[in-house]
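Laboratory data are not the source of any read-out in this text; all were calculated from the coordinates shown. Computed from a prediction, not measured in an experiment: that's the story for all the values here. So basically every Cβ, Gly included, is an ideal-geometry build from the backbone, and we count neighbours across all protein chains shown.
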Amino acid sequence: MPELPEVEFVARQLRETLPGRRITAVETRWERSIQGMEPAEFAAEVSGRVVTQVGRRAKYLLLTLDDGRLLIIHRRMSGNLLLWAPDDPEPLYTRVVFTLDDGRRLAYTDPRKFGRVALAAPDALPAAFATLGPEPLEDAFTPAALATRLAGHAGAIKAVLLDQRVVAGLGNIYADEALFRAGIHPLRSAASLTAEEITRLHAGIQGALTTGIAHGGTTFGRHRDIYNEAGVNLEHVEVYRRTGQPCLRCGAPIERIVVAQRSTHFCPHCQPPHPASSNGGSQARRSKRAK
DNA sequence: CTATAAACCTGCTGGC
DNA sequence: TGCCAGCAGGTTTATA
């Protein structure tokens, strides 16, 4: 479930709460939620450590410990991190519990059990980290950088945007939103996009992500922040899960197709299938015959 | 390489 | 009301 905005929002909350706190105990309720070592070893290694920093890379949440190692959490489809006050009952679907030295606890909850918690040294990160693409909200991510990443990918742009090696952090919601903002059909070949389209896509990616973060992420099911509050970005999405509803720009009904096994939503008028001509985005009209 | 499917899991929703 | 098919924010692995 969580994509970059949902992970980033939670990282920001944890950053105000966790640094300086010591983890005094770790309990595992579902063994496979711990990756790479036995739960007992994990508990022994993590217990007693102080959290010094909170960070994020792609959809991974990174807690730096005072021995330099990283607690790496990936929520996958249904994971949440909930701050759990001493008097409250244990949250549903709790898989791992971190007890803090102020008496509060941080619960990793995950009904579907896809998410993973791991401990790793900075120079021995999980293999996936080595191939992650650029962070789309960092300065180095320019339209030219995006163009470089897309070059050579003949597949559908929607599928390419979901590839974490191309750009890190986009998932199904924000890929659809970014393509709508850019006026690009999800089945267009990534390699076929013009420089102008890539510039619009770059802006669409950043716009969709920052909007998502500003609204606490998109919740239509399970995403919650550390205080168990839902994000409200679902009220601000333009195409995701809006099948059959009128496009907010032109009124045409939003369509749903399947791309790379994922539900894909787009406006058939604002995101035309083939060429870049007759673009619904109202801008980009004249550059066609310039050459 | 690209592409598609299946696996990992459980819960929720909508249709009949 | 009850049951069942289908769907869900992600990633990895296996197969063409």
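See the values below:
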| quantity | calculated |
| --- | --- |
| Given (1) in contact with a helix residue (DSSP H, G or I) (Cβ under 8 Å, 6 or more places away or on another chain); (2) outside any helix (DSSP H, G or I); (3) within 16 Å of DNA strand B (Cβ to nearest atom); (4) in contact (Cβ under 8 Å) with a residue 24 or more places away in the chain, number of the condition A:V160 does not satisfy | (2) |
| Selection status of A:D225, in contact with a Phe, Trp or Tyr (Cβ under 8 Å, 6 or more places away or on another chain), among the acidic types (D, E) and farther than 28 Å from A:P273 by Cα | yes |
| Filter result (free of Cβ contacts under 8 Å to residues at least 12 places away in the same chain and under 12 Å from A:H185 (Cβ atoms)) within segment A:238-270 | none |
| Segment A:239-272, residues that are charged (D, E, K, R) and surrounded by 19 or more Cβ atoms within 10 Å (Cβ to Cβ) | A:R242 |
| Index of the failed condition, A:R165 passing every other in (1) in contact (Cβ under 8 Å) with a residue 60 or more places away in the chain; (2) part of a loop (DSSP other than H, G, I, E, B); (3) within 14 Å of DNA strand C (Cβ to nearest atom) | (1) |
| Selection from segment A:2-11 of residues that are in contact (Cβ under 8 Å) with a residue 60 or more places away in the chain and in a helix (DSSP H, G or I) | A:L4, A:P5, A:E6, A:V7, A:E8, A:F9, A:V10 |
| Which numbered condition A:I173 fails, given (1) outside any loop (DSSP other than H, G, I, E, B); (2) within 15 Å of DNA strand C (Cβ to nearest atom); (3) of a type in the set (V, I, T); (4) within 20 Å of A:T131 (Cβ to Cβ) | (4) |
